[in-house]
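K.L.:
Have a look at this one before I ask anything.
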Amino acid sequence: MKKLLPVLLFAILAACSEKSDTDKLDEGIEPANILEEMTFSIDTVLVDSGEELFDLKDLPTFGKRNYFSLSENEDSLYFFDRHRLILHEINLTSLKLTRNHPFEQEGPDGVGRFVYTFKRLPTNQFYVRDLFGTSWFFSKDGRKLAKLELNVAELIKGTSLDEYSIFFEQILDAKRKKLYSLPRSFKSKELYFAVMDSMGASGRFFTIPELEKTFNFLVQLKGSADGGGGKGEMIFLQQLNDLVLISSTVGNSIYVYDPDLDSLFFKEFPHELTPLGKDVELKEEVFSEKEFQAELDKLHTQIDYWDFYWDEKTQRYYRFASKGLPLANIDSSKEFEYFLFVYDENLTLKGEKKLEGLSELPLSGFYKDGKLWSFVNVEDELGFAVFTFDF
């Protein structure tokens with residue numbers, strides 16, 4: 001096993017109290033903020049890939065979310081290389097690559113050229129979706145088992161959505177044979193939470209009006225020489241601890257869908273260390289790169305709330321936030337403040353903490369044995385920044 005020297009970062013608080021949080025916990029008294037005396041450390045480890053060279057070009061972007069899957073017992077990690085069409089199987093105990101599973105591009109078992117999502121299911125099958133929304137079930141050895149046929153035209157009836165919108169942030173609930181997604185239209189400013197039964201044969205849309213404010217923070221660059229561009233807020237759809245969470249970078253409020261009750265709930269959190277959401281006014285359209293960067297600077301000094309982690313060992317949810325600091329001058333590098341929040345299994349806020357000495361947030365990864373494993377690229381080798389939080 002290859003292993004880097006541990007990198008230890010500790011956040012030390014100056015605040016004091018009559019009894020420490022540890023003393024309170026020993027007496028069965030939980031402090032109001034369980035993160036108040038928290039310290040953390042980071043140990044960076046590498047995967048021994050043998051003679052294999054991992055293709056990590058997608059790791060900094062959507063690769064972290066779309067191509068990595070944890071096994072049910074948390075012992076193995078599956079990593080799909082969409083460029084070479086290879087499924088890597090990694091043992092997380094030994095931190096070694098144990099097997100490669102090749103897939104075909106064409107033919108009866110072909111995955112095509114543009115695999116966008118490749119996720120392991122509790123059934124030990126894999127859910128595969130291409131860039132155009134077509135989805136299949138595959139076995140680990142590359143056999144195509146079934147195709148998902150969504151009744152898209154019927155699902156979007158009565159809305160101004162186009163057919164492709166039904167696939168936005170789509171996830172699969174294999175246990176209940178349901179699909180969830182977040183159909184939206186930037187043109188009509190419509191946003192829904194879709195629950196599709198029987199693997200997309202039927203379903204219904206829930207309105208999520210509190211997240212429609214994400215449309216207020218979209219800046220578009222028009223008429224530039226390179227064809228323009230845009231910048232907006234991120235929306236996240238996750239299924240954790242059997243609940244479906246809908247969140248966004250625009251604020252701390254979320255929607256929670258309980259599949260067993262078929263009910264959607266809105267929830268806000270009483271955070272005290274950070275703003276509850278963005279409160280800046282932006283121009284919707286700009287016509288020069290200078291204007292575009294000026295609007296982005298406004299956006300980058302606002303709070304960003306990220307998606308959630310679930311830790312089975314502690315039965316808690318975790319969430320990070322970041323807040324950009326104003327630039328000292330136009331050539332200065334962007335600096336951020338980072339925050340951590342923890343919630344119990346009922347999504348009740350139990351603690352919050354500003355993280356000192358952290359240079360980058362772990363925005364994608366998984367919890368294993370009570371520790372957060374975040375994907376990192378260390379000189380083109382796959383590694384993990386393993387966070388240990390002590391509180």
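The values are calculated or read from the model by the stated rules, or taken from the named source; none is laboratory data. These numbers come from a predicted model, not from an experiment. Note that each Cβ is placed from the backbone with ideal geometry, even for glycine, and that neighbours are counted across all protein chains shown. Protein only, heavy atoms only, side chains kept; ligands, DNA and RNA dropped before computing areas. Shrake-Rupley method; radii C 1.70, N 1.55, O 1.52, S 1.80 Å.
K.L.:
For region 322-332, state whether one or more residues are surrounded by 14 or more Cβ atoms within 10 Å (Cβ to Cβ), part of a helix (DSSP H, G or I) and out of contact with any Cys (no Cβ under 7 Å at 6 or more places or on another chain). Can you show your working first?
P.N.:
Going residue by residue through region 322-332, those that are surrounded by 14 or more Cβ atoms within 10 Å (Cβ to Cβ) are 322-324, 327.
If we keep only those that are part of a helix (DSSP H, G or I) too, we end up with none.
No; the residues of region 322-332 include none that is surrounded by 14 or more Cβ atoms within 10 Å (Cβ to Cβ), part of a helix (DSSP H, G or I) and out of contact with any Cys (no Cβ under 7 Å at 6 or more places or on another chain).
K.L.:
Please tell me if residue 229 is modelled with pLDDT under 95 and more than 15 Å from the chain's Cα centre (by Cα). Break it down stepwise before answering.
P.N.:
Working: modelled with pLDDT under 95: yes; more than 15 Å from the chain's Cα centre (by Cα): yes.
Yes; evaluated as a whole, the condition is true for this residue.
K.L.:
Let me ask something else about it. Could you please find all residues in region 274-311 being of a type outside the set (S, T, N, Q) and in a helix (DSSP H, G or I)? Write out each step before concluding.
P.N.:
Taking region 274-311 as the starting set, the residues that turn out to be of a type outside the set (S, T, N, Q) are 275-287, 289-292, 294-300, 303-311.
Listed by number, the residues that qualify are 289, 290, 291, 292, 294, 295, 296, 297, 298, 299, 300.
K.L.:
Please go through (1) open to solvent by 40 Å² or more (accessible area, probe 1.4 Å); (2) farther than 26 Å from residue 153 by Cβ for residue 256 and return the number of the only condition it doesn't satisfy.
P.N.:
Here residue 256 clears every test but (1).
K.L.:
How do the pairs read when you match residues in region 365-391 that are open to solvent by 50 Å² or more (accessible area, probe 1.4 Å) with residues anywhere that are in a strand (DSSP E or B), using Cβ under 6 Å and keeping only pairs 6 or more apart or on different chains?
P.N.:
These pairs meet every condition: 371/386; 371/388; 381/46; 390/39.
K.L.:
Quick check on this structure: which one of 265, 205 is free of Cβ contacts under 8 Å to residues at least 24 places away in the same chain and open to solvent by 40 Å² or more (accessible area, probe 1.4 Å)? Walk me through it before giving the result.
P.N.:
On the way: 205 fails: free of Cβ contacts under 8 Å to residues at least 24 places away in the same chain.
Sole residue among the options that is free of Cβ contacts under 8 Å to residues at least 24 places away in the same chain and open to solvent by 40 Å² or more (accessible area, probe 1.4 Å): 265.
K.L.:
Looking at (1) open to solvent by 40 Å² or more (accessible area, probe 1.4 Å); (2) hydrophobic (A, V, I, L, M, F, W, C); (3) under 25 Å from residue 139 (Cβ atoms), find the lone condition where residue 53 falls short.
P.N.:
Answer for residue 53: the failing condition is (3).
K.L.:
Further question: Going by the structure shown, is residue 296 over 30 Å from residue 48 (Cβ atoms), touching a Lys or Arg at 6+ places or on another chain (Cβ under 7 Å) and surrounded by 18 or more Cβ atoms within 10 Å (Cβ to Cβ)? Steps first, answer last, please.
P.N.:
Numbers: over 30 Å from residue 48 (Cβ atoms): yes; touching a Lys or Arg at 6+ places or on another chain (Cβ under 7 Å): yes; surrounded by 18 or more Cβ atoms within 10 Å (Cβ to Cβ): no.
Spelling it out, it is not the case that residue 296 is over 30 Å from residue 48 (Cβ atoms), touching a Lys or Arg at 6+ places or on another chain (Cβ under 7 Å) and surrounded by 18 or more Cβ atoms within 10 Å (Cβ to Cβ).
K.L.:
Right, another one. When both residues are 6+ apart or on different chains and their Cβ atoms are under 9 Å apart, which pairs have a first residue that lies in region 85-112 and is on the phi > 0 side of the Ramachandran plot, and a second that is of a type in the set (Phe, Trp, Tyr) and open to solvent by less than 80 Å² (accessible area, probe 1.4 Å)?
P.N.:
From residues that are on the phi > 0 side of the Ramachandran plot, the pairs are 85/103; 95/384.
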